[in-house]
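Okay, so here's the structure we're looking at.
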Amino acid sequence: MKELIKKLTEVSSPSGREDVIREVILQELKDHIDGYKVDKLGNLIVWKNGQTDKKILLDAHMDEIGVVVTNIDDNGFLRIDMVGGVSPYTILNSKIKFGNTIGIVGIEGETVNDLRNNLKELSFDKLFVDIGVKSREEAEKLCPIGSFGTYDGYFVEQGNFYISKSMDDRIGCVTIIELFKRLSNPKNTIYGVFAVQEEIGIVGARVAGFDIEPDVAIAIDVTGAGDTPKANKRTSMELGKGVCIKIKDGYSISDKKIVETLKNLAEKYNIPYQMEVLIYGGTDARGYQNTKAGIPSATVSIATRYIHTPNEMVHKDDVEATIQLLIKYVEEGI
């Protein structure tokens, strides 16, 4: 599983440009599914046939946050805007990958006071990207306006922790891939949706839900952790304490029946779990709840530190607990 996490997280494929990661995921799954399709928006939908007419949908978004080139000055410096939730403070001095080109994010400041004030009130208006060229013409050959970029990060295993860019939500994609690989004869038909454009407004999930019309939908995503020094005191989730069963977040309230079933299965099979209430953010569960006449939906999360940075951190035991709980749910939970 470690090599799979490394493979998926190191792919550069931001919102709206998911074709690269979609192909990597499909190659991993092609021998473990009964069928697949790519819908008009680019969602990858795979399935494994069951013995009943019940349909369970498992979702993980395959896009990641990034940036897009908005302008280029006469000296070849790029101006950018965010694609998804990118903080100017996080991206400052980071390496950004635009295809085969690497850029460094810098900040304007003609005087010490200018620099100090710009740092205090940092915005994308005050940032530029240096790709090591001397003119607009050179830059346009490498990164024309409209080019998408992502953090240039790489995977690290350190003790029981995995660290990489785009754990959000490639770790959810890994969870679904592993479930399909391990599940041989499911009771119910299982759909895996690798959704597009979650980071810019839960776009792909609504379309996939409308198409499949499942009996239930479960989104698998990351969630904020409260176990670092002076972390948010209303956040209880910790790395290494097990799969997170979400009650609510800023976008949705999980279906009570699904939550109770997940909790009972975790206790029945001694799968470590923790209850999650997230005071911000949201997942693709919101998209499924709002689809057509409504789909009973919930979220299962993996506690993650440093979300939306180049160095997102998860605990390997939490990933395994998430896989195990979802396997039990698709076998017994509906």
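The values are calculated or read from the model by the stated rules, or taken from the named source; none is laboratory data. This one's a predicted model, so the numbers in the text were calculated from it and none came from an experiment. Backbone-built Cβ (ideal geometry, glycine too); neighbour counts: all protein chains shown. Note: accessible area is taken over every heavy atom of the protein model, side chains too, but ligands, DNA and RNA are not part of it. Shrake-Rupley method; radii C 1.70, N 1.55, O 1.52, S 1.80 Å.
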**Complete:** Picking from Ile104, Ile96, Ile171, the residue that is part of a strand (DSSP E or B) and under 19 Å from the mean Cα position of the chain (by Cα) would be Ile96
**Asked** Hey, among the residues in region 237-250 that are part of a loop (DSSP other than H, G, I, E, B) and either open to solvent by less than 40 Å² (accessible area, probe 1.4 Å) or at pLDDT 95 or above (or both), which one's nearest to Val314 (Cα to Cα)?
**Response** Leu239
**Asked** In region 317-334, which residues are open to solvent by less than 10 Å² (accessible area, probe 1.4 Å), under 21 Å from Ser236 (Cα atoms) and not β-branched (Val, Ile, Thr)?
**Response** Asp318, Ala321, Leu325
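Each row is one residue, and each column tells you yes or no for (1) more than 22 Å from Asp221 (Cβ to Cβ); (2) out of contact with any strand residue (DSSP E or B) (no Cβ under 8 Å at 6 or more places or on another chain); (3) free of Cβ contacts under 8 Å to residues at least 24 places away in the same chain.
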{"site": "Lys37", "(1), (2), (3)": "yes, no, yes"}
{"site": "Gly66", "(1), (2), (3)": "no, no, no"}
{"site": "Met82", "(1), (2), (3)": "no, no, no"}
{"site": "Ile102", "(1), (2), (3)": "yes, no, no"}
**Fill in**
Of the conditions (1) part of a helix (DSSP H, G or I); (2) within 27 Å of Lys187 (Cβ to Cβ); (3) not hydroxyl-bearing (Ser, Thr, Tyr), the single one that Arg286 does not satisfy is (2)
**Item:** Test: residue in region 303-316 that is of a type in the set (Val, Ile, Thr), in a loop (DSSP other than H, G, I, E, B), open to solvent by 20 Å² or more (accessible area, probe 1.4 Å) and within 16 Å of Ile218 (Cα to Cα)
**Value:** no
**Fill in**
The condition from (1) closer than 30 Å to Lys316 by Cβ; (2) surrounded by fewer than 24 Cβ atoms within 10 Å (Cβ to Cβ); (3) small (Gly, Ala, Ser) that Ser166 misses is numbered (2)
**Complete:** Filtering region 189-235 down to residues that are of a type in the set (S, T, N, Q) and surrounded by 21 or more Cβ atoms within 10 Å (Cβ to Cβ) yields Thr189, Gln197, Thr223
**Request:** Specify which of the listed residues (Thr90, Thr101) is of a type in the set (S, T, N, Q), under 23 Å from Ser166 (Cβ atoms), touching a Ser or Thr at 6+ places or on another chain (Cβ under 8 Å) and open to solvent by less than 70 Å² (accessible area, probe 1.4 Å).
**Result:** Thr90
**Request:** Could you list all residues from region 187-226 that are assigned to a helix (DSSP H, G or I) and not hydrophobic (A, V, I, L, M, F, W, C)?
**Result:** Gly204, Arg206, Gly209, Asp211
**Request:** Give me a count of the residues in region 142-162 that are open to solvent by less than 30 Å² (accessible area, probe 1.4 Å) and either modelled with pLDDT of 95 or more or not in a loop (DSSP other than H, G, I, E, B) (or both).
**Result:** 7
**Fill in**
Taking region 169-188 and keeping residues at pLDDT 95 or above and open to solvent by 10 Å² or more (accessible area, probe 1.4 Å) leaves Glu178, Lys181, Arg182
**Request:** Report the residue count in region 70-102 for those that are more than 12 Å from Val129 (Cβ to Cβ) and of a type in the set (A, V, I, L, M, F, W, C).
**Result:** 3
**Request:** Kindly establish whether Gly109 is free of Cβ contacts under 8 Å to residues at least 24 places away in the same chain and either within 31 Å of the chain's Cα centre (by Cα) or part of a loop (DSSP other than H, G, I, E, B) (or both).
**Result:** yes
**Request:** Give the number of residues within region 266-282 that are closer than 9 Å to Gly250 by Cα and either without any contact (Cβ under 8 Å) to a residue 40 or more places away in the chain or open to solvent by less than 20 Å² (accessible area, probe 1.4 Å) (or both).
**Result:** 1
**Prompt:** Scanning region 1-33 for residues that are basic (Lys, Arg) and either closer than 25 Å to Val314 by Cα or in contact (Cβ under 8 Å) with a residue 12 or more places away in the chain (or both), which turns out most open to solvent (accessible area, probe 1.4 Å)?
**Reply:** Arg17
